[in-house]
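The values are calculated or read from the model by the stated rules, or taken from the named source; none is laboratory data. Computed from a prediction, not measured in an experiment: that's the story for all the values here. Because the Cβ atoms are built from the backbone with ideal geometry, glycine has one as well, and the counts that use them run over all protein chains shown. Calculation scope for accessible area: heavy atoms of the full protein, side chains included, ligands and nucleic acids excluded. Shrake-Rupley method; radii C 1.70, N 1.55, O 1.52, S 1.80 Å.
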Amino acid sequence: MTPNQAKKLYIETVGCQMNVLDSELVVGSLRRQGYVLTSEETDADVILFNTCSVRQHAEDKIYSALGRLRRHKRSHPETLIGVLGCMAQKDQELIRRRAPHVDIVCGTGQLARLPELIDEVRRTGKPTMALSLDRTESRHEVEASFESYDPLRDPSMRPSPFQASVRIMIGCDKFCTYCIVPSVRGPEQSRPPAHIAAEVRQLAAEGCKEITLLGQTVNSYKHQAGDGRQYRLGDLLALIHDTQGIERIKFITNFPRDMSDDLLDAVRDLPRVSKYLHVPAQSGCNDVLRRMKRLYTVEFYRDMLARSRDKVPGVAISSDFIVGFPGESEESFQRTCDLVRDAGFKNSYIFKYSPRPGTKGHEMFADDIPEEVKRRRNNDLLAVQNQRSQEDNRRFQGQRVRVLVEGPSKTALKSDSPGPRQLTGRSCTDHIVVFDGNERRTGRMIEVDIEETSALTLFGRVVTEERIGGDVAAASVRESRVSLPVVI
Ligand code: SF4
């Protein structure tokens, strides 16, 4: 490589929106070092995998990618390979053993050091690693080692130029027995509201219309400001609500026990806050919830749903469920089906239990539900949810909804026929809406009359269009964006 030749970076991301945001930040900092993105891993000078440890499948995917690169590394020893994020934090020694050709292992809290680690490997020719401390050290030391990593961002890594995530807290203090997050993301720490507000203003200036506030338990957000005032999530929503250019604010993921009345009041009263709550229940059976250490009962969860609907009329709620948790009897599973039948969730994300070494659940319980039973329960619960969603979505037929246009629908992306395309966007209750229109509408707020519905989608016809920002702002955002070389 000659000195003037740009260095090429390939990055592949697995996992949740936190990881997608981490990748955006990593790309932002490496671009400042002169890197450009490439979508070809074998063309890159630095190949990075930003990993997830929540399920075995996500880890297998990374080991298989690393195995694929073994021969490439042998013939191109100057190419650097790095494993970042949750798997790096949890399994540094295992990665070294299974993939000795990896040069950099960098945990979740240390991503800001990546440019320095790359330089170190180039200088010394030796592999390196940077990891946050584990919880055996003092809380202060552990917190400091998980320092958040937010100032550098890269618009080209976002799902769309009009949408961005903002991390408002890191870590988790809940310790559900199946979950690896507290070990790999560290203790719960909330960012100062002034930093968050400044980041939202910067994103709005770059053309973002929709902001999603991220936290593992986002509604546990709590920050004591210098003047002694305590900010909760509701206060934060009020603080950023009037940021010029921001049209919609969402927040994920909520912990059921922390769904406070003042937060629900804020969701109801602030018009730009999406009337949508993602609140994972995980199970409809108290025995299972106790073994999961979820800190609430099904009765509490049902009350929380009723309170949310009472306070925020029309609010849409979605959930997560784990099926096949150790000891989940057929009766326990039926209780979960009952909850899904009764709750009227907009949708549910359903996962089969996967034991994770390093979690309490892995130490305490045998993985005693056979794989075919997990699979059957997954399908059965999905069928219950889909039927419920289909019934509930019918209430939108004949209604008018406001939609932020996200771009061509999946079907339109596959087709190259000329003329109006099928576009997609989300309503203020986070329902997916599909309609015909011109791609120029992307990033605009429009009104759509809903004519048909399915379990997952509302189909409609455009009525009006509000211009947000204007063509000049939209065009400059489009220009700053490159194609997304990220596999998620
Ligand atoms: S609340 Fe439970 S499931 Fe969610 S991140 Fe924390 S430990 Fe994991």
Residue match in the range 167-183 (condition: of a type in the set (Lys, Arg), within 30 Å of Arg291 (Cα to Cα), touching a Cys at 6+ places or on another chain (Cβ under 8 Å) and near the ligand (Cβ under 10 Å from one of its atoms)): no
Residue tally, condition among the charged types (D, E, K, R) and either within 16 Å of the ligand (Cβ to nearest atom) or open to solvent by less than 10 Å² (accessible area, probe 1.4 Å) (or both), over the range 200-227: 2
Selected residue (criterion: farthest from Leu404 (Cα to Cα)) from residues of the range 228-261 that are open to solvent by 50 Å² or more (accessible area, probe 1.4 Å) and away from the ligand (no atom under 16 Å from the Cβ): Arg229
Any hit, the range 76-89, residues being open to solvent by 10 Å² or more (accessible area, probe 1.4 Å) and in contact with a Cys (Cβ under 8 Å, 6 or more places away or on another chain): yes
Enumeration of residues in the range 21-77 that are among the small types (Gly, Ala, Ser) and free of Cβ contacts under 8 Å to residues at least 24 places away in the same chain: Ser64, Ser75
Single residue of the range 438-455 satisfying the filter (open to solvent by 40 Å² or more (accessible area, probe 1.4 Å) and in contact (Cβ under 8 Å) with a residue 40 or more places away in the chain) that is farthest from the chain's Cα centre (by Cα): Glu451
Criterion: at pLDDT 90 or above, of a type outside the set (Asp, Glu), open to solvent by less than 50 Å² (accessible area, probe 1.4 Å) and not assigned by TED's automatic domain parsing to the domain that holds Ile252 - qualifying residue of Thr128, Thr124: Thr128
Filtered residue count, the range 271-289, keeping only those that are within 19 Å of Cys337 (Cβ to Cβ), within 16 Å of the ligand (Cβ to nearest atom) and either more than 23 Å from the chain's Cα centre (by Cα) or hydrophobic (A, V, I, L, M, F, W, C) (or both): 4
All positions within the range 19-51 that are aliphatic (A, V, I, L, M), crowded, with 21+ Cβ neighbours inside 10 Å and in a helix (DSSP H, G or I): Leu21, Leu25, Val26, Val27, Leu30
Count of residues meeting criterion [of a type in the set (D, E, K, R) and touching a residue at least 12 places away in the same chain (Cβ under 8 Å)] in the range 372-405: 9
Restricting the range 333-373 to residues that are assigned to a loop (DSSP other than H, G, I, E, B) and charged (D, E, K, R), the residue that is surrounded by the most Cβ atoms within 10 Å (Cβ to Cβ): Lys346
